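Here's the structure we're looking at; comments come further down.
Every number in this text was worked out from the coordinates using simple rules, so none of it is lab data. As the structure is a computational prediction, the values presented were derived from the model and not from experiment. Every residue, glycine as well, gets a Cβ built from its backbone with ideal geometry; the counts of neighbours run over all protein chains shown.
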């Protein structure tokens with residue numbers, strides 16, 4: 001029987017495949033998945049409703065779905081060294097909302113990182129649903145030039161507002177958090193601790209960065225894409241409290257979600273299996289080395305980096321202050337030469353959020369393609385050169401050709417194991 005494709009949709013998909021193959025993805029929250037993850041994510045499991053949890057479903061026909069979800073749970077627990085895992089969250093934001101719903105009452109206080117200093121929208125931005133239900137207070141960096149968190153300021157806010165939950169986590173922060181200090185402050189005020197590790201969960205699983213559970217955190221939430229190289233989805237991990245884990249399970253279903261996406265859970269299981277391998281740990285170490293190589297170029301070219309550099313996979317650079325190029329224009333110029341990243345506000349930004357001073361970029365995706373330090377240094381040079389030559393069409397054409405040549409030299413791999 002002949003298959004008839006929807007040409008409008010599939011032509012666009014083909015165009016996106018070509019764009020990804022011929023360009024360089026530097027958005028730090030993006031990555032490439034293996035063919036096995038794609039196959040699981042596009043499988044017939046999308047046909048199946050599986051409301052509930054393994055062994056406790058509301059519909060019949062769950063023999064294989066139970067096997068798959070149990071496998072995903074066990075692999076997640078192994079990766080992150082914890083006793084409980086919920087693999088059903090559709091993404092990171094629902095995962096965070098579920099934790100709030102499980103542990104808090106409306107009006108309770110949450111302490112999280114200030115958005116302008118690297119935090120995430122779900123940590124208290126007034127336009128989000130959680131901010132309409134709970135009271136959010138924030139902590140900041142002590143000095144944007146070094147990235148050091150003001151832990152004494154964090155403690156004073158905690159003592160004043162008595163939060164029920166303290167969040168360590170970020171979407172645009174390039175340094176290392178002192179998890180032990182968060183736990184110490186939380187114990188002082190009687191708060192739960194939650195680490196939103198959406199960006200660096202893969203690096204934690206790959207033992208390249210410290211696991212917050214090692215310092216006594218109660219909960220970790222994360223996406224399963226980004227550095228974990230899995231499908232777009234979320235996960236909630238509980239270190240050891242069965243009471244907390246049960247509350248989280250109820251908060252996900254029936255609290256804020258209906259039937260889980262079993263095709264995505266299967267793809268999560270595949271990705272977790274890939275992340276258990278020594279090859280994945282080598283990948284994570286290379287992500288950090290590559291970020292340092294890009295940092296060195298930005299230091300040499302005197303481009304200001306918020307936090308002064310990076311300890312993880314991402315860099316936040318003040319291109320308006322250093323080069324006179326606003327973040328939105330920088331994003332557009334770099335799109336034109338085949339380098340994809342995102343504009344981003346910086347601490348103390350005087351520009352508007354939709355046209356900020358900074359850009360955010362990172363190394364997870366190009367490292368998956370096989371880039372090493374020298375290659376990433378060259379990418380950083382091309383990035384800066386393109387911004388300095390933003391009005392020189394001939395120069396940008398030359399840069400675009402080199403970017404495409406680099407992309408062709410490092411094709412997107414189909415398998416990681």
request  = Please work out the Cα center distance from the range 90-169 to the range 227-243, rounded to the nearest Å.
outcome  = 19
message = Test of understanding: what is the full-extension gain from residue 397 to residue 289, defined as 0.36 nm times their sequence separation minus their Cα-Cα distance?
response = 36.0 nm
remark   = One finds, for residue 180 and residue 39 with R0 = 45 angstrom and r their Cβ-Cβ distance, a FRET efficiency to the nearest 0.05 of 0.65
Rounded to 5, percent antiparallel among DSSP beta bridges of the chain = 55
query = Which of 239, 360, 56 moves the most in a Gaussian network model of the chain with Cα springs under 10 Å?
reply = 56
Rg in Å to one decimal, and Dmax rounded to a whole Å, for the range 7-48 via C-alpha atoms = 12.9, 36
query = Hey, fewest Cβ within 10 Å first, where do 84, 10, 320, 410 land in order?
reply = 10, 410, 84, 320
When the convex hull of its Cα atoms is projected in every direction, mean area for the chain (nm²) = 21.1
key: Stokes-Einstein D for the range 14-98, Kirkwood Rh over Cα pairs, 4 °C, 1.567 mPa s (µm²/s)   = 82
query = For the range 38-275, taking Cα atoms only, what is the radius of gyration to one decimal and the Dmax to the nearest whole Å?
reply = 17.5, 57
note = Here the tail fraction of P(r) beyond 19 Å, over all Cα-Cα pairs of the range 98-187, rounds in percent to 35
task = Let me have the 222 nm mean residue ellipticity of the chain computed from DSSP H runs of 4+ only, each contributing -39500 (n - 2.57), with the sum over all residues rounded to the nearest 500.
result = -13500 deg cm²/dmol
ask   = Rounded to a whole number, what is D in µm²/s for the range 292-417 from Stokes-Einstein with the Kirkwood radius over alpha-carbon pairs (20 °C, 1.002 mPa s)?
value = 144
task = Determine, from the Cβ-Cβ distance of residue 143 and residue 121 and an R0 of 22 Å, the FRET efficiency 1/(1 + (r/R0)^6), rounded to the nearest 0.05.
result = 0.35
request  = Let me know the Kirkwood hydrodynamic radius for the range 341-382, please, with Cα pairs as the basis and the value in Å to one decimal.
outcome  = 11.9
message = Between residue 14 and residue 282, how high is the FRET efficiency from 1/(1 + (r/R0)^6) when r is the Cβ-Cβ distance and R₀ = 35 Å? Nearest 0.05.
response = 0.60
remark   = Given all pairs of distinct Cα atoms, the range 49-155 yields a Kirkwood Rh in Å of 16.6
query = In the calculated pair distance distribution of the range 116-157, what percentage of Cα-Cα distances lie above 14 Å?
reply = 52
message = Principal axis extents for the range 139-220, Cα atoms only, whole Å, descending order, please.
response = 37, 30, 17
note = Fewest to most Cβ atoms within 10 Å: 253, 64 sort as 64, 253
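Compute the normalised compactness of the range 308-348: alpha-carbon radius of gyration over 2.2 N^0.38 Å, N being the residue count.
On the way: Rg = 10.8 Å, N = 41, 2.2 N^0.38 = 9.0 Å.
So the range 308-348 has a normalised radius of gyration of 1.20.
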key: Order of 415, 241 under a 10 Å beta carbon neighbour criterion, fewest first   = 415, 241
request  = Hey, could you grab the Kirkwood Rh for the range 149-297? Inverse mean 1/r over distinct alpha carbon pairs, Å, one decimal.
outcome  = 16.8
Whole-angstrom gap from the range 1-43 to the range 277-338, using each part's C-alpha centre = 25
